[in-house]
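Read through the structure below, which is laid out as structure tokens, and then see the notes.
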Amino acid sequence: GAEQPAETGSQAGDSGKFETLAVSNSDGVYKIMLNRPSKKNAINYQMYEEWGQALKEAAEDKNVVLAVVTGSGDYYCSGNDLGNFANIPPDGVKAMAEEGGRILERFISAFIEFPKPLIGLINGPAVGVSVTTLGLFDVVYATDRATFQTPFSNLGQSPEGCSSYIFPKLMGAAKASEILLFNKKITAVEACERNLVTEVFPDHAFKSETETRIQQYAKLPKMSLQMSKYPTREMEREMLHKVNKLECKVLVERWQSEECFQAIMNFFSRKG
Amino acid sequence: GAEQPAETGSQAGDSGKFETLAVSNSDGVYKIMLNRPSKKNAINYQMYEEWGQALKEAAEDKNVVLAVVTGSGDYYCSGNDLGNFANIPPDGVKAMAEEGGRILERFISAFIEFPKPLIGLINGPAVGVSVTTLGLFDVVYATDRATFQTPFSNLGQSPEGCSSYIFPKLMGAAKASEILLFNKKITAVEACERNLVTEVFPDHAFKSETETRIQQYAKLPKMSLQMSKYPTREMEREMLHKVNKLECKVLVERWQSEECFQAIMNFFSRKG
Amino acid sequence: GAEQPAETGSQAGDSGKFETLAVSNSDGVYKIMLNRPSKKNAINYQMYEEWGQALKEAAEDKNVVLAVVTGSGDYYCSGNDLGNFANIPPDGVKAMAEEGGRILERFISAFIEFPKPLIGLINGPAVGVSVTTLGLFDVVYATDRATFQTPFSNLGQSPEGCSSYIFPKLMGAAKASEILLFNKKITAVEACERNLVTEVFPDHAFKSETETRIQQYAKLPKMSLQMSKYPTREMEREMLHKVNKLECKVLVERWQSEECFQAIMNFFSRKG
């Protein structure tokens, strides 16, 4: 399943400015590949910013019909890079938490505001915020090697990505809570049954099957696609920004809590 | 599966006034049969108006417990009659699009405001607006011969019938987008898994099984049924009218677009 | 599957004050066992009040991480005790209906406002309001002996527990209406497919499997769990109170209707 970082296409413009992403832009498809494979594509602050910028670039480029997000290597994304919490001076926790909240809120906003079809190609395991944001995609294709887990309470934290609003709508609170509150890891097939994933492919066919579909979609009337997405998002836009703000506010408190501090210390000492 | 146009019941009043529908009204069941089988029950402007009127008649008749919609012949309904777009003078496109928008908005409003249980008997393939409106039914029974497709972007258009709000609630955005944006045709069993359909019956048993259920339902306490539906619809009524208006506004723009013009021309030339 | 009433734990405080419930409180788990097994745990007015009080106690006790609700004996709960409708003087129907509405609205409010994870252990058949309230739980585990039925229109009544808002979100209107309007009884597996139930266990393993999970959940960071639930509920809180009020208002009218009177008379005469 490992895939090499994408060649940037001939129309890619200055996408070489991204250090954490490999971006291509051709034939109407803007492809964002998370590109820190040695870190399982964990999202450091730079990647949050670059991913958000890439979405804006794809939104504004008139030649782009749809955007695709996938991961380089064996993982889709291992979630928030816990290195973001390392080396914080004791008197800097509050400032750091608030800055983290602003970065996260802006990142999620870029998904809420993305006006074109957004397609996830989940090429391997997905963790944390890379799972919760899938509720803001329009189509999510997964290899059968993919798994989905949001170990928030294990780390003393809480859900983001509008998942506390969207996940109960996808699968009901009874199934959403197992994932969002109780750290349950689910398979690609389970994620499909729970409406988080559109379709699951055998790993050997994943790349070819999904490329065929994406090429086909990119040939459809561009404005028709965009205007077909518009009312869906418009009816929920205000609600989504509201829940994004609330989730980030709760997380900023969490990041300053003793519970979260202890849980993350335990995580590092287990790894260490 | 082909069914003859319904005899109008003895209590049918002046339902003979409908040219595009065969309507019966007896034993508490108001049955609307789409009745242009030679056109696969495609909805021309007259049928939009008559279908809406029939729903109003069923709503107001105190003897009616519930309403049923089905199709005459092999199709349930092939959607908007593209003949509605034929023979429009070049300088009349805007007026025609706006008139089409008003007709559609009024038609969908009749479903939103229908206060009694509304049961769909999907006797064969369903296309376009006859699929999207199913989200406004209370029960949908389908034969296993039925299929469901909304080829909006193929025709340069966009979803209606409140589907851009309701479909993501039924099956999640990841599965709704395949249908509403990317023209995916699904089977009756898939439509049931995606919560658009209540139950699927083998074609040979479809008529008898569904008639048994409907007769049973029509004997239940009338006001209890109506008041049981009331809070569900009341909580969403404002939202549904809002999305209906927005979808129609978007479609009126679509109908005047070059993309839509080209796509419909291609359709006619392929058929022609 | 029959289970003895729970021993009250050493930290149980004055939970002995409940006559219709057996309550225990230890190791972070506040367990509410409906305890009228000879009446299949039917909810009389006293049980409505005590169940609501127990939820408040669990919410306020800082040592409580999560709450669990289950039934004593073979049933989870047979729903509203129709004895609540017995022996009402003809001139007292209105006052009685209004008092019933107030009790019900307060009871449902206690679920809406419950801030910690609420876990249902459905140990056997569930009927009426004990089914509809499951939409307000965070996790629902069921034995495969459990069934779920809301025979509202059979009794001339209408749904409560916010189910007219929540059930269509869980499973779509097409499947919700079969249950809420047309009295369909579903199995535990069907309830799981319809997102009302998280997971179904074989009856012989139900107790041990669910206890393992609950003990594990109760060890997670307490405030992280509570704050993970918070945005989900906060985004819907106003809507839930609104639908609760509306459902209770409709029911108060129903309880004074001839339809409901006749249906309940028929029920009692069938029972003899």
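The values are calculated or read from the model by the stated rules, or taken from the named source; none is laboratory data. What you see is a predicted model, and the numbers here were worked out from it, not measured in a lab. Please note: Cβ atoms are built from the backbone with ideal geometry, for glycine as well, and neighbour counts cover all protein chains shown.
At a glance:
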{"item": "Selection status of A:E160, more than 14 Å from chain B (Cβ to nearest Cβ), out of contact with any strand residue (DSSP E or B) (no Cβ under 8 Å at 6 or more places or on another chain) and not in a loop (DSSP other than H, G, I, E, B)", "result": "no"}
{"item": "Breaking point among (1) assigned to a strand (DSSP E or B); (2) surrounded by fewer than 24 Cβ atoms within 10 Å (Cβ to Cβ), for A:E98", "result": "(1)"}
{"item": "Filtered residue count, the stretch B:164-182, keeping only those that are closer than 15 Å to A:M227 by Cα, in contact (Cβ under 8 Å) with a residue 24 or more places away in the chain and within 8 Å of chain A (Cβ to nearest Cβ)", "result": "5"}
{"item": "Candidate set from the stretch C:209-232 (those that are within 22 Å of the chain's Cα centre (by Cα) and over 16 Å from C:D27 (Cβ atoms)); member that is farthest from the other protein chains (Cβ to nearest Cβ)", "result": "C:E209"}
{"item": "Identity of the residue in the stretch A:144-157, within 16 Å of the chain's Cα centre (by Cα) and either in a strand (DSSP E or B) or not polar (S, T, N, Q) (or both), that ends up farthest from the other protein chains (Cβ to nearest Cβ)", "result": "A:T147"}
{"item": "Any hit, the stretch C:197-205, residues being modelled with pLDDT of 95 or more, more than 29 Å from A:L240 (Cα to Cα) and in contact with a Lys or Arg (Cβ under 8 Å, 6 or more places away or on another chain)", "result": "yes"}
{"item": "Index of the failed condition, C:E247 passing every other in (1) out of contact with any helix residue (DSSP H, G or I) (no Cβ under 9 Å at 6 or more places or on another chain); (2) crowded, with 24+ Cβ neighbours inside 10 Å; (3) acidic (D, E)", "result": "(1)"}
{"item": "Residue check, A:Q262 of a type in the set (S, T, N, Q) and more than 12 Å from chain B (Cβ to nearest Cβ)", "result": "yes"}
{"item": "Residue, surrounded by the most Cβ atoms within 10 Å (Cβ to Cβ), within the stretch A:223-240, restricted to residues that are out of contact with any Gly (no Cβ under 7 Å at 6 or more places or on another chain) and under 17 Å from A:E60 (Cα atoms)", "result": "A:L225"}
{"item": "The stretch A:84-93 - residue that is part of a helix (DSSP H, G or I) and surrounded by 12 or more Cβ atoms within 10 Å (Cβ to Cβ) and, of those, modelled with the highest pLDDT", "result": "A:V93"}
{"item": "Qualifying residue in the stretch A:50-61 (condition: under 21 Å from A:R233 (Cβ atoms), in a loop (DSSP other than H, G, I, E, B) and of a type outside the set (G, A, S))", "result": "yes"}
{"item": "Test: residue in the stretch B:234-250 that is at pLDDT 95 or above, closer than 18 Å to C:N183 by Cα and facing chain C (nearest Cβ under 9 Å)", "result": "no"}
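Every residue, every condition in (1) crowded, with 24+ Cβ neighbours inside 10 Å; (2) in contact with a helix residue (DSSP H, G or I) (Cβ under 7 Å, 6 or more places away or on another chain); (3) of a type outside the set (S, T, Y); (4) over 16 Å from B:G128 (Cα atoms), yes or no:
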{"position": "B:Y141", "(1), (2), (3), (4)": "yes, yes, no, yes"}
{"position": "B:R145", "(1), (2), (3), (4)": "no, yes, yes, yes"}
{"position": "B:P151", "(1), (2), (3), (4)": "no, no, yes, no"}
{"position": "B:K169", "(1), (2), (3), (4)": "no, yes, yes, yes"}
{"position": "B:N183", "(1), (2), (3), (4)": "no, yes, yes, no"}
{"position": "B:N195", "(1), (2), (3), (4)": "yes, yes, yes, yes"}
{"position": "B:E209", "(1), (2), (3), (4)": "no, no, yes, yes"}
